[in-house]
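Here is the structure we will look at, set down as C-alpha cells.
The values are calculated or read from the model by the stated rules, or taken from the named source; none is laboratory data. Because the structure is predicted, anything quoted here is derived from the model rather than measured. Counting neighbours? That spans all protein chains shown, and the Cβs are built from the backbone with ideal geometry, glycine included.
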Amino acid sequence: MPAKRLGLVFVVCAPSGTGKSTLVRRLCNEFDSLSFSVSATTRAPRPGEADGVDYHFLTRQTFLDWRGTGKLAEWAEVYGNFYGTPVEPVRQALAAGRDVLFDIDVQGAAQLRQSLGAGAYVFVLPPSRAELSRRLSGRGTDSPEVVAGRLAAAPKEIADAPLFDYWVENDDLEAAYADLRAVYMAERRRPRYHPQLLPELLHQWEAAI
C-alpha cells in the first residue's frame, strides 16, 4: 500500500563554517518526520564522528566503485575528498513518506535537482566575511591553510545562492533556526506531497450519494 504522504527532499547548503550543520541537526532533532541523509565520503573521520551515523567513511576506490555503478544520487570532490549521497536509502525513505534532509555542497545540490526532482533548496548565508573567518578559525579542526582555502572558496559558493529557493542568514542562531524551521513546515504542506488527500476527501461525498 503506498504511503499516504510522499517524502520531501530538503536540501541545505552553505559555505563551510556558516553553521548549517548545527541548524540541520537541530531541525532533525525536533521533527521525527525528518531523516538526516548520511553521505559517503573519502575524508578521514573527525573526533567524535561515527561511521554510518555522521558519514559512510569509504576508501577512494570503494567510492569510485559506488559512483560507477550508479549507487550515488550526487557526488562531488571538495578540498581533495569525495562526497556523495547513496541513492537507494533516499528513494525508499521518500516512498515511505519520510522527509530527507541533505547537508551538502552546491555541486551536490545541483545534481540532486536532476536525480531526485522537486524539493526545497535552502542556502545559509554568513553575516559577514569577518564572522565567517572567525568561525572557521574557532573550530580548531583544520589547519590554517585549510581555513584559508575554505574562506577563499566562500565567494564562489555565495555567488550560487540565487539558484536556491530560500535564503537564511545565520547571524543569530535562534533567528536563523526559526527561519529554517518555517521553511520546512511550509514546504510540508505543498499539494504535491499529499496526492491522496483530496481524492480521499472527495470520495466521502461520492460515498454519501
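Which residues, taken from the range 69-113, are in contact (Cβ under 8 Å) with a residue 60 or more places away in the chain, closer than 21 Å to Val146 by Cα and not in a helix (DSSP H, G or I)?
Passing the criteria: Tyr79, Asp103, Ile104, Asp105.
Based on this model, can you work out whether Arg91 counts as at pLDDT 90 or above, under 13 Å from the mean Cα position of the chain (by Cα), basic (Lys, Arg) and within 24 Å of Thr42 (Cα to Cα)? Break it down into steps so the answer makes sense when it comes.
Details: at pLDDT 90 or above: yes; under 13 Å from the mean Cα position of the chain (by Cα): no; basic (Lys, Arg): yes; within 24 Å of Thr42 (Cα to Cα): yes.
The answer is no for Arg91.
Please specify each residue of the range 164-192 satisfying the condition of being of a type outside the set (Phe, Trp, Tyr), assigned to a helix (DSSP H, G or I) and in contact (Cβ under 8 Å) with a residue 40 or more places away in the chain.
The first filter runs over the range 164-192 and keeps only residues of a type outside the set (Phe, Trp, Tyr), leaving 165, 168-176, 178-183, 185-192.
Checking which are assigned to a helix (DSSP H, G or I) leaves us with 173-176, 178-183, 185-187, 191-192.
Scanning the range 164-192 gives Leu173, Ala176, Leu180, Arg181, Val183, Glu187, Arg192.
Where residues in the range 85-98 are buried (at least 18 other Cβ atoms within 10 Å of the Cβ) and of a type in the set (Val, Ile, Thr), which of them is farthest from Phe10 (Cα to Cα)?
So, considering only residues that are buried (at least 18 other Cβ atoms within 10 Å of the Cβ) and of a type in the set (Val, Ile, Thr), the one farthest from Phe10 (Cα to Cα) is Thr85.
For the subset of the range 1-47 comprising residues that are among the aliphatic types (A, V, I, L, M) and farther than 27 Å from Leu151 by Cβ, which member is modelled with the lowest pLDDT?
In the first step, residues of the range 1-47 are kept if they are among the aliphatic types (A, V, I, L, M); the result is 1, 3, 6, 8-9, 11-12, 14, 23-24, 27, 34, 38, 40, 44.
Okay, now just the ones that are also farther than 27 Å from Leu151 by Cβ, so 1, 3, 6, 8-9, 34, 38.
Numbers: Met1: 52, Ala3: 69, Leu6: 94, Leu8: 96, Val9: 96, Leu34: 94, Val38: 88.
Filtering first and then ranking leaves Met1.
From the set of residues in the range 73-84 that are of a type in the set (A, V, I, L, M, F, W, C) and within 9 Å of Gln111 (Cβ to Cβ), which is surrounded by the fewest Cβ atoms within 10 Å (Cβ to Cβ)? Can you show your working first?
Pass one, the range 73-84, residues of a type in the set (A, V, I, L, M, F, W, C): 73, 75-76, 78, 82.
Okay, now just the ones that are also within 9 Å of Gln111 (Cβ to Cβ), so 73, 75-76.
Values: Ala73: 23, Trp75: 21, Ala76: 18.
By that ranking, first place goes to Ala76.
Test each condition in (1) under 21 Å from Lys156 (Cβ atoms); (2) buried (at least 21 other Cβ atoms within 10 Å of the Cβ); (3) out of contact with any Asp or Glu (no Cβ under 8 Å at 6 or more places or on another chain); (4) not hydroxyl-bearing (Ser, Thr, Tyr) for Leu23 and report the one that comes out false.
Unmet for Leu23, out of (1) under 21 Å from Lys156 (Cβ atoms); (2) buried (at least 21 other Cβ atoms within 10 Å of the Cβ); (3) out of contact with any Asp or Glu (no Cβ under 8 Å at 6 or more places or on another chain); (4) not hydroxyl-bearing (Ser, Thr, Tyr): (1).
Applying the selection to the range 119-139, what residues are touching a Leu at 6+ places or on another chain (Cβ under 8 Å) and part of a helix (DSSP H, G or I)?
Listed by number, the residues that qualify are Arg129, Leu132, Ser133, Leu136.
Does at least one position in the range 140-163 carry a residue that is within 16 Å of the chain's Cα centre (by Cα) and not in a helix (DSSP H, G or I)?
Yes, there is a match, as at least one residue in the range 140-163 is within 16 Å of the chain's Cα centre (by Cα) and not in a helix (DSSP H, G or I).
Tell me, please, whether a residue that is loosely packed, with under 12 Cβ neighbours inside 10 Å, at pLDDT 95 or above and not hydrophobic (A, V, I, L, M, F, W, C) can be found in the range 99-120.
no
Of all residues in the range 34-52, count the ones that are closer than 22 Å to Ala95 by Cα and under 15 Å from the mean Cα position of the chain (by Cα).
Adding up the residues that qualify gives 7.
Could you grab me the full set of residues in the range 52-68 that are at pLDDT 95 or above and surrounded by fewer than 16 Cβ atoms within 10 Å (Cβ to Cβ)?
Thr59, Arg60, Gln61, Thr62, Leu64, Asp65, Arg67, Gly68
Looking at Val100, Val122, Val90, can you tell me which residue is under 30 Å from Arg5 (Cβ atoms) and touching a Pro at 6+ places or on another chain (Cβ under 9 Å)?
Val100
Looking at Pro199, Pro195, which is the one that is in a helix (DSSP H, G or I) and more than 16 Å from the chain's Cα centre (by Cα)? Spell out how you get there, then give the answer.
Values: Pro195 fails: in a helix (DSSP H, G or I).
Testing whether each residue is in a helix (DSSP H, G or I) and more than 16 Å from the chain's Cα centre (by Cα) leaves just Pro199.
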